[in-house]
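Remarks on the structure that follows.
The values are calculated or read from the model by the stated rules, or taken from the named source; none is laboratory data. Here the structure is a predicted model, which is why all the values come from computation and not from measurement. Here the Cβ positions follow ideal geometry from the backbone for every residue, glycine too, while neighbour counts run over all protein chains shown. Just the protein is used for accessible areas: all its heavy atoms, side chains included, with ligands, DNA and RNA removed. Shrake-Rupley method; radii C 1.70, N 1.55, O 1.52, S 1.80 Å.
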Amino acid sequence: MLCLLGAAAEETGLDRMLKANTVKRRTPSLFTQGCYWYGAIPAMPEEWLEPLMTAFGRLVSEQPAFAQTFGIL
């Protein structure tokens, strides 16, 4: 789940906050990014949280294992 949260952060562009502006490639892993953003959720501004959770929900629903577990059709 944390890897998916990291992927959602990359998809919404929040990953820019975690890496140097001179680096084009991913530096923190998706898991590391997910851990960071999970901890940041309680104080996250609404304009960041809404796109992050939308992307996260879509990514979770695309995973067959989670779709079966959570009953997502």
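Observations on the structure shown:
- Here the spin labels are modelled as points 7 Å beyond Cα on the Cα-Cβ line, and at LEU2 and THR32 they lie 1.3 nm apart.
- With each label modelled as a point 7 angstrom along the Cα→C-beta vector, the LEU49-MET17 pair spans 1.2 nm.
- Heavy-atom accessible surface of the chain: percent carbon and sulfur, 1.4 Å: 60
- When the chain is described by a simple charge dipole with +1 on each Lys and Arg Cβ and -1 on each Asp and Glu Cβ, the residue from TYR38, LEU49, GLY71 located farthest towards its positive end is TYR38.
- Rolling a 1.4 angstrom probe over the protein heavy atoms with all chains in place gives the chain an accessible area of 67 Å² per residue.
- Among [x] 13.5, 44; [y] 12.7, 42; [z] 11.1, 31, the entry that matches Rg and Dmax of the Cα atoms in Å as calculated here: [y]
- Residue-wise HN-Hα couplings along region 51-63, as the Karplus relation 6.51 cos²θ - 1.76 cosθ + 1.60 with θ = phi - 60° gives them from phi, are x, 5, 5, 5, 5, 4, x, 5, 5, 5, 5, 7, 8 Hz; Gly and Pro carry x.
- Estimated purely from DSSP H runs of n ≥ 4, each contributing -39500 (n - 2.57), the mean residue ellipticity at 222 nm for the chain is -19500 deg cm²/dmol once divided by its residues.
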